[in-house]
1. Seen from all sides and averaged, what is the projected area of the convex hull of the Cα atoms in the protein assembly as shown, in nm²?
2. Using a 10 Å cut-off around each Cβ, can you sort B:231, B:200 from fewest to most neighbouring Cβ atoms?
3. What are the trypsin sites (Lys or Arg not before Pro) within the range B:204-281 that DSSP puts in a loop, where the Cβ has at most 14 other Cβ atoms within 10 Å?
4. Quote to one decimal, in nm, the extra length available between residue B:42 and residue B:270 on full extension: 0.36 nm per residue of separation minus the C-alpha distance between them.
5. For the range B:97-132, which trypsin sites (Lys or Arg not before Pro) are in a loop by DSSP, counting at most 14 other Cβ atoms within 10 Å?
6. Roughly how tilted is helix B:143-156, in degrees to the nearest 10 and between 0 and 90, from the longest Cα axis of chain B?
7. Normalised by the number of residues in the range B:28-236, what is the relative contact order in percent for Cα pairs under 8 Å and 6+ residues apart?
8. Among B:256, B:24, B:119, which one shows the highest mean-square fluctuation when chain B is modelled as a Gaussian network with alpha-carbon springs under 10 Å?
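Read-outs: derived from the displayed coordinates by stated rules, not from any lab. Owing to the predicted nature of the structure, the values given are computational and were not obtained by experimental measurement. With ideal geometry, Cβ positions are generated from the backbone for all residues, glycine too; neighbour counts draw on all protein chains shown.
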Amino acid sequence: MALTRSALRLFSGRFTQACQVRGYADASSMSLTFAAPTQVLYNNAAVKQVDVPSFSGSFGILPAHVPTLAVLKPGVVTVFENDGSNKKFFVSSGTVTINEDSTVQLLAEEAVPVDSLDISAAKELLTQAQSQLASASTDVAKAEAQISIEVSEALVKACE
Amino acid sequence: MPSQQVRGMATLKMISIRLKSVKNIQKITQSMKMVSAAKYTKAERELKLARPMGIGAQEFYKKAEVKDEEGDKGQLIIACSSDRGLCGAVHSSIGRIVKADIAANPNTKVVIIGDKVRNILQRLYGKNIAMVVTEVGRKPAVFGDAAIVAQAIINAGIEFNKGKILFNTFRTVVSFRTTEMPLFSPGAVANASKLPVYDSLDSDVIQSYTEFSLASLLFYSMKENATSEQSSRMTAMDNASKNAGEMIDKLTMTFNRTRQAVITRELIEIISGASALESKN
């Protein structure tokens with residue numbers, strides 16, 4: 001199958017498009033929907049692997065991964081596409097669902113490509129968050145400041 | 001035809017006042033239509049980007065075959081609307097369904113987003129209203145708004161067995177469909193038939209997951225509703241402008257006819273007065 005696919009790719013672009021649409025029910029690929037409230041990064045796209053940072057540990061999702069739910073931690077999501085390239089996105093929080101039929105829904109509150117992050121702005125955010133924690137008086141304010149620190153630390157780490 | 005026993009001049013003044021006011025109304029409805037058209041374009045664009053997340057957030061509940069719990073804790077309805085009217089049937093269609101639901105199932109609590117549906121329900125079902133969110137509709141909704149509403153619902157600790165979110169799905173510029181999206185209680189999720197298939201879940205994960213998905217689903221329904229509302233307002237204002245235009249045409253006709261009648265009457269008076277003078281001589 002792989003041989004025919006690459007052979008077809010040599011001949012005509014139209015044929016490869018017809019082939020790739022099929023990815024959904026294959027055991028060899030999974031259908032990823034990676035979306036944030038204001039943008040769509042992948043919509044039922046066939047990809048090879050997705051690495052996600054979650055509160056129960058960072059893990060990679062391959063086709064036929066055991067179904068599970070997880071809550072995202074601030075960090076970097078790496079999507080390995082079928083053509084071998086990989087793309088990195090920073091996510092602030094969200095959820096990931098892996099279903100029985102290898103469909104994955106990665107819903108992030110905010111997701112940006114790592115390339116568009118500015119390390120100096122991230123460091124500034126971190127110092128701001130730390131001073132916020134120092135001056136926080138109520139439990140709620142402390143928790144909010146701690147969340148800012150977690151996100152900024154992850155941002156700085158993602159930029160490096 | 002204006003029934004006038006009054007002198008022609010007075011009726012003429014009345015018609016011209018009426019004409020001026022209808023022309024003003026037409027200007028207002030036309031500008032409201034323009035504003036709605038601009039807001040609709042923006043809303044539709046944002047909706048397109050929000051749809052995958054909204055549809056994705058419902059996938060788990062479908063795939064895990066979560067069903068409504070049995071029990072007597074009642075029903076929770078989250079009704080999406082906004083604070084502003086003049087948008088056709090958008091708010092009334094939601095109000096109608098809520099009323100029918102409460103009539104069928106009196107043990108229902110309603111969380112209302114927006115003043116309009118609150119006004120519809122206040123009189124008969126004020127007791128069923130659990131929470132009202134106001135200041136909705138002026139600016140486009142962002143995820144943070146939905147998160148605030150979700151947090152308030154969670155903090156209020158409303159218990160329910162069955163739940164639904166009512167909103168208007170945007171179909172085309174001229175049509176929308178009032179839709180119910182099921183909302184499952186934490187107990188329903190815990191009893192889902194396919195939940196054991198999902199690996200290594202603890203109650204913390206399920207709780208965070210359902211809270212986030214509540215916010216996502218609310219955000220999605222707010223976006224759909226906003227787009228339906230703007231397109232419906234655009235159509236309504238367009239119809240109003242057209243109707244005002246028809247009224248202006250009819251009034252202008254009447255005005256001209258009345259004006260000509262007045263002139264003719266004056267001429268008749270002058271001529272008959274003159275001929276009376278002549279015949280006397």
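1. 35.2 nm²
2. Ordered from fewest to most neighbouring Cβ atoms within 10 Å, B:231, B:200 come out as B:200, B:231.
3. Filter output for the range B:204-281: empty list.
4. In short, 75.6 nm is gained.
5. none
6. 60 degrees
7. Relative contact order, the range B:28-236: 35 percent.
8. B:256
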